[in-house]
1. Go over the candidates 459, 417 one by one and state the one that is touching a residue at least 24 places away in the same chain (Cβ under 8 Å) and within 29 Å of residue 3 (Cα to Cα).
2. Tell me which residues, restricted to segment 205-234, are closer than 20 Å to residue 271 by Cβ, over 19 Å from the mean Cα position of the chain (by Cα) and in a strand (DSSP E or B).
3. Please specify each residue of segment 342-372 satisfying the condition of being surrounded by 18 or more Cβ atoms within 10 Å (Cβ to Cβ) and without any contact (Cβ under 8 Å) to a residue 24 or more places away in the chain.
4. Quick check on residue 411: is it more than 30 Å from residue 226 (Cβ to Cβ), touching a residue at least 60 places away in the same chain (Cβ under 8 Å), in contact with a helix residue (DSSP H, G or I) (Cβ under 7 Å, 6 or more places away or on another chain) and not in a loop (DSSP other than H, G, I, E, B)?
5. So which of 342, 286, 293, 329 ends up being over 25 Å from residue 436 (Cβ atoms) and out of contact with any helix residue (DSSP H, G or I) (no Cβ under 9 Å at 6 or more places or on another chain)?
6. If the requirement is being exposed (fewer than 15 other Cβ atoms within 10 Å of the Cβ), touching a strand residue (DSSP E or B) at 6+ places or on another chain (Cβ under 8 Å), at pLDDT 95 or above and part of a strand (DSSP E or B), which of these qualifies: 310, 289?
7. Return the residue satisfying two criteria in turn: it lies in segment 66-99 and is assigned to a loop (DSSP other than H, G, I, E, B) and touching a helix residue (DSSP H, G or I) at 6+ places or on another chain (Cβ under 8 Å), and of such residues it is nearest to residue 155 (Cα to Cα).
């Protein structure tokens, strides 16, 4: 099981405040497939119901007896269903009104998502392309019949999302009151088996059976010699442009409900994207195809001014991609683990940073900093030590210090690095199909000196959050 939006999340906010931090960055928070990847979610708008706090449900008076933390996803679903029954029995007029208002305000995505979840359960979690043709193709009569048949289950899913958003907003308010902004992550592409692709098939390059004709990925790079074949369907950009990119406007509106700023994963795909024939097993046979990034970001900037977005500009970055990011005033990313090869001109070295950037020691796709450093050849470690002047200070703190001292406008430190953890605590290894997304920390790992140490360095390098 993962953490929840309950007491431990509030405790983490309090830790960040004590450590003088002003931003908490998240991976995507949508409901995932069985592999747990937050970049292949069942919905772009829904929250992961596994994050729902049982303690909060009990505090709301919707659970009878003591609140026991579920140990499995199935137990979590059962507890939320019990809470829904308790809500129907005992909720006051204000809570019932808030539930009704939530359904109305979010109906543009919630109704399709609820029906998708219920139909997926009814079909033993098979992808929507494997459902009967009438449901796969969204025949209106078949959808209406399903809505009548599963109305009680649909209401349970609506309640689930109501609770997630209610608890999320409470946590966000707590963080914001302490001067901490929530920093989200928006995957550029959408999982094929998702409510969004099923509900809006005309926005994606699919055949008449709903299967992708081309899929997303990246060519060979630092992470993989054969590239990465992600498998997401590609967009029909000309269709999206016909209605002024409203699909994207609605998507960003949801993100800005949840977060104060958002990172766009794989930003370079808005300038041109790697298109792989769906019948290819690897990414090597793909090609670059131009995307209408300028037109899209002009629309987004008209709707959201300012546009609080960070561009993930890693990988194969061309001058055109860089120009797109700069034209729209979006910070890029500087990863310190990438800095120590290629000579003094390496753009990831701190002396080459600029303000319109976010600096990281490493990301969820990197090894932990300690694991990375320990895996370097001896000569490379000497080079890192010399650049960082880190004699007498154990890694990863010299790299953390370099990130905080950078002129980049924002510095983000993974929790594994704060805890000085090794490679066994890595979050994700790109290209590896399983064993990812499972890392969790516990409070026993957090030493009393950590918060004061972070606060001291943030003060020292002028990163103390504003009042």
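The values are calculated or read from the model by the stated rules, or taken from the named source; none is laboratory data. Every value quoted in this text rests on a predicted model; they were computed, and no experiment measured them. All Cβ positions, glycine included, derive from the backbone under ideal geometry; neighbour counts span all protein chains shown.
1. One residue alone meets the criteria, 417.
2. Scanning segment 205-234 gives 214, 215.
3. Listed by number, the list holds a single entry, 348.
4. Working: more than 30 Å from residue 226 (Cβ to Cβ): yes; touching a residue at least 60 places away in the same chain (Cβ under 8 Å): no; in contact with a helix residue (DSSP H, G or I) (Cβ under 7 Å, 6 or more places away or on another chain): yes; not in a loop (DSSP other than H, G, I, E, B): yes.
When the stated conditions are applied, residue 411 does not pass them.
5. None of the other options fit; the residue is 342.
6. On the way: 310 fails: exposed (fewer than 15 other Cβ atoms within 10 Å of the Cβ).
On inspection, the qualifying residue turns out to be 289.
7. 91
A quick yes/no check of all residues on (1) part of a loop (DSSP other than H, G, I, E, B); (2) free of Cβ contacts under 8 Å to residues at least 24 places away in the same chain; (3) more than 30 Å from residue 273 (Cβ to Cβ):
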residue: 124; (1), (2), (3): yes, yes, yes
residue: 141; (1), (2), (3): no, yes, yes
residue: 145; (1), (2), (3): no, yes, yes
residue: 159; (1), (2), (3): no, no, yes
residue: 163; (1), (2), (3): no, no, yes
residue: 173; (1), (2), (3): no, yes, yes
residue: 190; (1), (2), (3): yes, no, no
